[in-house]
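Novice: Would you mind keeping the following structure in view while I ask a few things?
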Amino acid sequence: MLSSKSPVLVIDDEKDLAESIKGTLESSPKYKGLTANSAQDALRILEEHKTRRGGNHIKCILLDIKMPGMDGLQFLEEIRQKYREEIGVIIVSAYEDDEKWGKALHGKVLGYLTKPFNSAQLLEMVDAAFEGESAKEDLKISAYDKYFDKFKKYKREV
């Protein structure tokens, strides 16, 4: 039986951090946190939450980039092939170089949050992932704006 809380999958190879993010999610009455400590574990969890029509009950993923084996960007490519944009992805990573941002945005992520992060900001981003297409588009635009502002500033400094 499905919970009335929306499942959100946290994928991070740092187990303590994944559990901390799960705790932040579950501090809200809206979300049930699920954790995976590798991309392979996450693919298994997604398979367990498939709907009868080939979709997924999980509608939001919080994804780390740097993980052993399949990294977060490779995982993103795989789920985009399988689920298109049905599942919203928010990157939660300590890495924010130009290449990783570019690949994440090309993978149509909803947002990009850098570690350490503010719990309230994390919940705001997850809320937006569940508020409909307009809120999702606003989140994407915000991620693109942040990316372009950051790298325009970087290029001016170089």
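Novice: Of all residues in the stretch 21-34 being over 16 Å from Asn56 (Cα atoms) and touching a Lys or Arg at 6+ places or on another chain (Cβ under 8 Å), which is surrounded by the fewest Cβ atoms within 10 Å (Cβ to Cβ)?
Specialist: Pro29
Novice: Please find, within the stretch 113-147, the residue that is surrounded by the most Cβ atoms within 10 Å (Cβ to Cβ) out of those that are of a type outside the set (D, E, K, R) and in a loop (DSSP other than H, G, I, E, B).
Specialist: Phe117
Novice: Looking at (1) in contact (Cβ under 8 Å) with a residue 60 or more places away in the chain; (2) of a type outside the set (Lys, Arg); (3) within 15 Å of Leu123 (Cβ to Cβ), can you tell me which one Leu17 breaks?
Specialist: Every condition holds for Leu17 apart from (3).
Novice: Please determine whether any residue of the stretch 112-125 is among the basic types (Lys, Arg) and modelled with pLDDT of 80 or more.
Specialist: Within the stretch 112-125, one or more residues are among the basic types (Lys, Arg) and modelled with pLDDT of 80 or more.
Novice: Show me the helices (runs of 4 or more DSSP H) entirely contained within the stretch 1-101 in which 2 or more residues are under 20 Å from Pro116 (Cβ atoms) and acidic (Asp, Glu).
Specialist: Those helices (runs of 4 or more DSSP H) span 15-26.
The values are calculated or read from the model by the stated rules, or taken from the named source; none is laboratory data. Since the model is a prediction, treat every value here as computed from it, not as a measurement. As a convention, Cβ positions derive from the backbone with ideal geometry for all residues, glycine included, and neighbour counts pool all protein chains shown.
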